[in-house]
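Take a look at the structure set out below.
The values are calculated or read from the model by the stated rules, or taken from the named source; none is laboratory data. If you're wondering where the values come from, they're calculated on a predicted model, not measured in any experiment. FYI the Cβ positions are ideal-geometry reconstructions off the backbone, even for glycines, and counts take in every protein chain you see. The accessibility values were calculated without ligands, DNA or RNA, using every heavy atom of the protein model including side chains. Shrake-Rupley method; radii C 1.70, N 1.55, O 1.52, S 1.80 Å.
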Amino acid sequence: MLQESNPTKDQSIESTLTKLDKIIASCEKSRNRNGYFAAFYKSISIKISGSVEKGEFEDNQRMAEFVRIFANYYLDAYESYHNNTLGADSPWFYAFENGKKKHTIIQHLLLGVNAHVNYDLPNTCVAVAPGKEVINLSKDYFKINQILSDAIVQLEKDIFFLSPILGMLARMIPKLERRLLNFSVSVARCKSWECACILAMSDEKGKAEVRESNKAMTREICNRIMNPGLLPSIAMFFIMITEVRGIKKNIEVLEV
């Protein structure tokens, strides 16, 4: 089972980035599409860590710990999956399983975003700011939203390059780029903050119930991402078959 509140703590962001590099290299070698999220997550981790080093948060020491703990939920899940110890009910299990299959780049990214933001993020918040302390985390938590928003603007440009049909739709439909990953991440982070506040104020029994409910919700979103309905599924098929071929090349584009 994925650790809910005690992920392994690395001592530095460099250690986290080294592990992400190993995942990316492994995915490139095995042609596994889980490398798409790993590449994106590496770029985000670098940007947030850069803000920590510049002292842009209210509590930079706490946010450095936040970055490490948050990353380790993902890293621990990845390791557990490859050691065959990750529970099949984990949203990460579903995401990693689909990495072996052909789906659109944006679907693979959304699976990773969903599992990490909806499932891991509330636990990270209460790990670094338990109980009433979670309120003091709010300003720094929402500052990350702006960092993510800026990063996703570039990410979506990369996706439109790799997915020509999506790129064409983006030119035809005003602000489409603001309605894909950016919208999904913003909504997910707001929901995760609500969940974190409930977790922080709950007793142990309540925390267990909230986590199980959140896990079920996250799994349901996984299903919606991969099974969006007949017409969206047809659209996703045509998007997929026209995407740039070469998983390694795609990962390299997303990693920049």
Result for region 19-63: accessible area per residue, probe 1.4 angstrom, in square angstrom, of 47 Å²
A chain fully extended from Q61 to D89 at 0.36 nm per residue, minus the present Cα-Cα distance, gains in nm 6.7 nm
I'd like the accessible area for D89: 1.4 Å probe, protein heavy atoms, all chains in place, Å² to the nearest 10. 70 Å²
What distance in nm separates the simple spin-label points at N136 and I46, each placed 7 Å from Cα in the Cβ direction? 3.3 nm
Candidate residues K22, K101: accessible-area rank, largest first, probe 1.4 Å: K22, K101
Using 0.36 nm per residue, how much length does the chain from M172 to T242 gain when fully extended, once their Cα-Cα distance is taken away? 23.4 nm
Putting +1 on Lys and Arg Cβ atoms and -1 on Asp and Glu Cβ atoms, find which of V128, S138, I48 reaches farthest to the positive end of the dipole of region 5-155. I48
The set of residues whose placed amide H lies less than 5 Å from the amide H of F57, leaving out same-chain residues fewer than 5 positions away, is none
Of V134, V67, V187, the most mobile residue in a GNM of the chain (C-alpha springs, cutoff 10 Å) is V187
Give me the aspartates and glutamates in straight-line cross-link reach of K22: C-alpha distance below 20 Å, same-chain residues under 8 apart excluded. D10, E14, D76, E79, E97, E252, E255
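With r as the distance between the Cβ atoms of S213 and V153 and R0 = 25 Å, compute the FRET efficiency 1/(1 + (r/R0)^6) and round to 0.05.
That pair, V153 with S213, gives E of 0.15.
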Put R224, R189, R68 in order of accessible area, largest first, 1.4 Å probe: what do you get? R224, R68, R189
Fraction of accessible area attributable to carbon and sulfur, region 52-133 (%, probe 1.4 Å): 45 percent
Over region 177-256, average the accessible area per residue using a 1.4 Å probe and give it in Å², no decimals. 57 Å²
With contacts defined as alpha carbon pairs under 8 Å and 6 or more residues apart, what's the relative contact order of region 1-128 in percent? 37 percent
Nearest-0.05 FRET efficiency for K205 and E14, computed from C-beta distance (R0 41 Å): 0.60
Output the DSSP H helices from the chain with an along-axis C-alpha extent of no less than 20 Å and a mean Kyte-Doolittle hydropathy no less than -0.5. 13-30, 34-53, 134-162, 181-201
Let me check something: with ligands and nucleic acids excluded, how do F96, F160, F142, F238 order by accessible area (1.4 Å probe), largest to smallest? F238, F142, F160, F96
Going toward the positive end of the dipole of the chain, with +1 on Lys and Arg Cβ and -1 on Asp and Glu Cβ, which of V67, L230, F93 do you reach last? L230
In nm, give the distance between the simple-model label positions of E252 and A235, each being 7 Å from the Cα along the Cα-to-Cβ direction. 3.2 nm
Go ahead and set up a Gaussian network model of the chain, Cα springs under 10 Å, then flag whichever of K102, K19, K29 fluctuates most. K29
Size of charge dipole - the chain - debye, nearest 20, with Cβ of Lys, Arg +1 and Asp, Glu -1, no other charges: 900 debye
